[in-house]
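The values are calculated or read from the model by the stated rules, or taken from the named source; none is laboratory data. What you see is a predicted model; the values in this text were computed from it and never measured. Quick reminder, even Gly has a Cβ in these numbers, built from the backbone with ideal geometry, and neighbours come from all protein chains shown. When the accessible area is computed, the model is the full protein with side chains, heavy atoms only, and any ligands, DNA or RNA have been set aside. Shrake-Rupley method; radii C 1.70, N 1.55, O 1.52, S 1.80 Å.
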Amino acid sequence: IRSSVGAAAEFNDNIFATPDNEESDTIIRLTPEIEARSDWSVHEVAAGATVDHREYSDFGDESSTDYTLFLNGRLDATRNLMFRGGVEGGHFTEERYQAASFGVTERASFDRVGAFVQAIYRMDRYQLEGTVGTTDETFDQLDQQFRDNTANYVNARLSYAISPDVAVFVQGYSADLDYSSFDRDGTRSTVDAGVNFELAAPIRGEIAVGTVTDERDNPDFGTIDGLNVRANVEWFPTQLTTITFLANRGVVDPGLATSASAINTTYGVRVDHELFRNILLFGSVRQETNEYGGLDFDREDEAFTAAVGAAYKLNRHARFETQYSARSQDSTGSDAGPDIEQNILSVGIRLYP
């Protein structure tokens, strides 16, 4: 069993993410976590929960409590065949700078539940994985309920191990999207090829490149075809430093009534360094672009986020944490959204019982 609880004071100089007349506030943030996992030689069961409560000092209507719960397991049927399955659920609140939560009385919030079953079969250098699952999202606000949806999906992956450290794979994914607003119904599919590696260099990670297609029943939303990218690579230049590279490109639902899909491109880098045995430092930069779909909708958002932080280990049960982040968001097009600047500073402590 692993658990922790965090408490922090967070200052945000633009809590409504507005281009002018910014409002600032101090937020008290509580973030307990717990996870229990079996340590059996075969099979596995795991369960966990996280909570993220934000209490605004001056603007109490912005306060929120998000949480996640999960339960999953693995059944080792034979030496070469295993089955996995799980259920998860949670409540989530969107940030003010997200397209559907800007300029509205109440930020969009929703419940998400999901379940999946998976079979994994290994034979010599080959591994075949098949997954079937479903997710359901239900929004709290009346003006957001057109976004209520159920996604039923299948995923298949075939891997071949070139060596113990490197494997190549092909993967296919298809989801049927069923919305309460029928004109948003559609399908989304991806086909990828990639490589998974853990080299003695030392470097490890996974890179996949392919195509994505998002097609809606309503022709006014149009069809999106394009490049699909998933990459997450960790490099360890020294025993005290980790550099993580991230790159993703795919299709998301931006939550706008006039746009059912957008091409999201995200890339960034994060550096974690152990300055001393009890002092940890990190810094990160991230660039994100959303190109919105829709035949009569013209908008593109670009956001740049930079963050630095540090943690001081007081003892094995406690550490102090501080972080500063700055976000700059620009929007262009005839249906452009706001240009936003936002700075957040937080100081807190995390306890490990």
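Loop-resident chymotrypsin sites (Phe, Trp or Tyr not before Pro) (DSSP state other than H, G, I, E or B) in the stretch 28-68 with no more than 15 further Cβ atoms inside 10 Å of their Cβ: TRP40, PHE59.
Accessible surface computed residue by residue for the chain, with neighbouring protein chains in place and a 1.4 Å probe, gives 54 Å² per residue. For the stretch 98-162, applying the loop criterion from DSSP together with a ceiling of 14 other beta carbons within 10 Å to the trypsin sites (Lys or Arg not before Pro) yields ARG125. Shown is the FRET efficiency for GLU22 and THR65, computed with R0 = 30 Å from the Cβ-Cβ distance and rounded to the nearest 0.05: 0.75. Once all protein chains are placed together, THR332 keeps about 80 Å² accessible to a 1.4 angstrom probe. Note: relative contact order over the stretch 263-312, using C-alpha pairs below 8 Å and six or more positions apart, is 38 percent. Projecting the Cα positions of THR241, GLY130, VAL308 onto the charge dipole of the chain (unit charges on Cβ atoms of Lys, Arg, Asp and Glu, taken about the Cα centre) puts THR241 furthest along the positive direction. Put a plus charge on the Cβ of each Lys and Arg, a minus charge on the Cβ of each Asp and Glu, and nothing anywhere else: the dipole of the chain about its Cα centre is then about 2280 debye. Ignoring ligands, DNA and RNA, please state the percent of accessible area on the chain from carbon and sulfur, probe 1.4 Å. Accessible surface attributable to carbon and sulfur in the chain totals 57 percent.
Measuring nothing but how far apart in sequence close Cα pairs (under 8 Å, 6+ apart) lie, relative to its length, the chain scores a relative contact order of 11 percent.
In a DSSP loop and with at most 11 other Cβ atoms within 10 Å, the trypsin sites (Lys or Arg not before Pro) in the stretch 20-93 are ARG79. Only one item in (1) 70, 53, 51; (2) 66, 44, 35; (3) 63, 58, 34 matches Cα extents along the principal axes in Å derived from the coordinates shown, and that item is (3).
Computed over neighbours whose Cβ is under 11 Å from that of PHE110, the net charge equals -4, Lys and Arg +1, Asp and Glu -1. Spin-label model, ARG112 to TYR126: label points 7 Å out along the Cα-to-beta-carbon direction sit 3.4 nm apart.
Charging the Cβ of each Asp and Glu at -1 and of each Lys and Arg at +1, and nothing else, the dipole of the stretch 147-204 about its Cα centre rounds to 160 debye.
Take the alpha carbon atoms of the stretch 91-117, find their center, do the same for the stretch 1-40, and report the distance between the two centers in whole angstrom. Spelled out, the Cα-based centre of one part sits 16 Å from the other.
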